[in-house]
Amino acid sequence: MNRTKKITLKHMSKLKKANAKLQNSNKPKYVSKAERERLAALEVVETVQIESE
């Protein structure tokens, strides 16, 4: 591989990485199992309070 090709490949890979960071993902943000359980428990408590009123 000649010097020019090496430089070009490095430059192109940096550009690809930079463009990948700019793209938005449709994937939902990760929520840990413990956090999901905590949120579910809070939701149950709120529904019980609303029903008791």
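Laboratory data are not the source of any read-out in this text; all were calculated from the coordinates shown. Quick caveat: nothing in here was measured; it's all calculated off a predicted structure. As a convention, Cβ positions derive from the backbone with ideal geometry for all residues, glycine included, and neighbour counts pool all protein chains shown.
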* **Structure-derived semi-axes √(5λ) of the Cα gyration tensor in Å: which label, when the choices are (i) 25, 10, 8; (ii) 20, 16, 8; (iii) 53, 10, 5** => (iii)
* Structure fact -> Label model pair Leu15, Leu39: point-to-point distance (7 angstrom along the Cα→beta-carbon line) in nm is 3.9
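Using a Förster distance of 30 Å, how high is the FRET efficiency between Asn24 and Thr47, based on the Cβ-Cβ distance and rounded to 0.05?
Details: r = 34 Å, r/R0 = 1.12.
So, using R0 = 30 Å, E works out to roughly 0.35.
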* To do: Straight distance only, please: which lysines reach the Cα of Lys14 with their own Cα at less than 17 Å, same-chain residues fewer than 8 apart left out?
  => Lys5, Lys6
